[in-house]
Amino acid sequence: MDLNFIDHAKLEATWAYLAQFAVSQGLNCLAALAILLAGWWLSGRAARALHNGLRHTHVDDTLRPMLASVAQWVVRVLTVVLVLSQFGVQTASIIAMLGAAGLAIGLALQGTLQNIAAGIMLVLLRPFRVGQYIDAQGVAGTVRETGLFMTELKTFDGVCLRVPNGKIWGSPIMNYSENPTRRMDIEVTVTFDSPIQAGLDALRAMLDSDKRLLESPAREVMVVRYTDRGVTLNARYWTSNDDFWSVQYGMFAKLKRTMEDAGCRIAVPVQEVRVPEVVDADNEREGGDGYRERILVSGKPN
């Protein structure tokens, strides 16, 4: 038997096997790529469809983005499993691999997982909802969306602020929109020689003149403290959350004139500064101290 013929036959068989293997793997790669692209596209469509579909239900606005994100990532994980199975990886092996990968990723991305857990807790416990104004240790704004990783806020000056969920969950959350009514305290300090009762009556009349103030709880005016500058008066009232800021600005705009019409003088801090001044160029002493003092009161020399 010719050995060259045998070697040539083996070479042809090897090339045929390699060609068949390359074609098979190439088709698998194309199929896996198609599955991956289709799965990623389908995950986005599923998330949008779920988000839009929940608008017509009683599901809270804060919960919709979270459910949409969960649905999106579930479809993506299933897509990855299908892609791996396309190359002959067994399901048990895939699950074991995903478990090991999840453990490794969890150890490497502890902060990210904390944000996910914090986002789930924010959605379940609902310390705030979409459209409410909150302040979490300096992070303040109107809630636009609570996602799987971050919460999106709109600040008072229109800036979009995205904050990790863990930062908000780990901070005391002040929700300014939760209650329908809010209380406001206006304080003004008048001099000791001012007519205190007249000032209190003027403050009460100022409150009674605004119809946006609530009748219950009742409005109150009182003397709250004595300071080194004068007597501090306090006007306390309740108003609806929607009218809070407009009422507050209006009250401050009328406060000074109201006090002056009642004969009360608002106490302002006065600072007295003594400036040493040399009498002449020879530094001769006058009065035994060598300097003449100029007295400045409220920035004006006497």
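Some points to look at:
- Matching residues in region 131-187 - criterion: being closer than 25 Å to ALA235 by Cα and not aliphatic (A, V, I, L, M): ASN175, TYR176, SER177, GLU178, ASN179, PRO180, THR181, ARG182, ARG183, ASP185, GLU187
- A single entry from GLY119, GLY147 fulfils the requirement of being under 26 Å from TRP73 (Cβ atoms) and not assigned by TED's automatic domain parsing to the domain that holds TRP169: GLY119.
- Residues that are under 30 Å from VAL130 (Cβ atoms) and without any contact (Cβ under 8 Å) to a residue 24 or more places away in the chain do not occur anywhere in region 213-220.
- Of the criteria (1) within 27 Å of PRO127 (Cα to Cα); (2) at pLDDT 80 or above; (3) not β-branched (Val, Ile, Thr), which one HIS56 fails: (2)
- Region 205-245 - residue that is within 30 Å of the chain's Cα centre (by Cα) and in a strand (DSSP E or B) and, of those, nearest to ASP185 (Cα to Cα): ARG236
- Test: GLY170 is surrounded by fewer than 16 Cβ atoms within 10 Å (Cβ to Cβ) and at pLDDT below 75: no
- Selection within region 139-180 - in contact with a strand residue (DSSP E or B) (Cβ under 8 Å, 6 or more places away or on another chain), aliphatic (A, V, I, L, M) and within 24 Å of LEU113 (Cα to Cα): VAL139, ALA140, VAL143, MET150, LEU153, LEU161, VAL163, ILE168, ILE173
- Qualifying residues in region 121-160 (those that are part of a helix (DSSP H, G or I) and crowded, with 16+ Cβ neighbours inside 10 Å) - the one modelled with the highest pLDDT: LEU122
- For region 164-212, a tally of residues being among the polar types (S, T, N, Q) and under 15 Å from CYS264 (Cα atoms) returns 4.
- Subset of region 144-193 [touching a helix residue (DSSP H, G or I) at 6+ places or on another chain (Cβ under 8 Å) and of a type in the set (S, T, N, Q)]: THR146, THR151, ASN165
- Hits in region 246-264 - residues which are without any contact (Cβ under 8 Å) to a residue 12 or more places away in the chain and within 13 Å of ILE186 (Cα to Cα): TYR249, ALA253, LYS256
- Complete set of residues in region 249-282 that are at pLDDT below 70 and in a loop (DSSP other than H, G, I, E, B): VAL279, ASP280, ALA281, ASP282
The values are calculated or read from the model by the stated rules, or taken from the named source; none is laboratory data. Worth saying up front: this structure is predicted, and the values here are computed from it rather than measured. Glycine also receives a Cβ, built like all others from the backbone with ideal geometry; neighbour counts cover every protein chain displayed.
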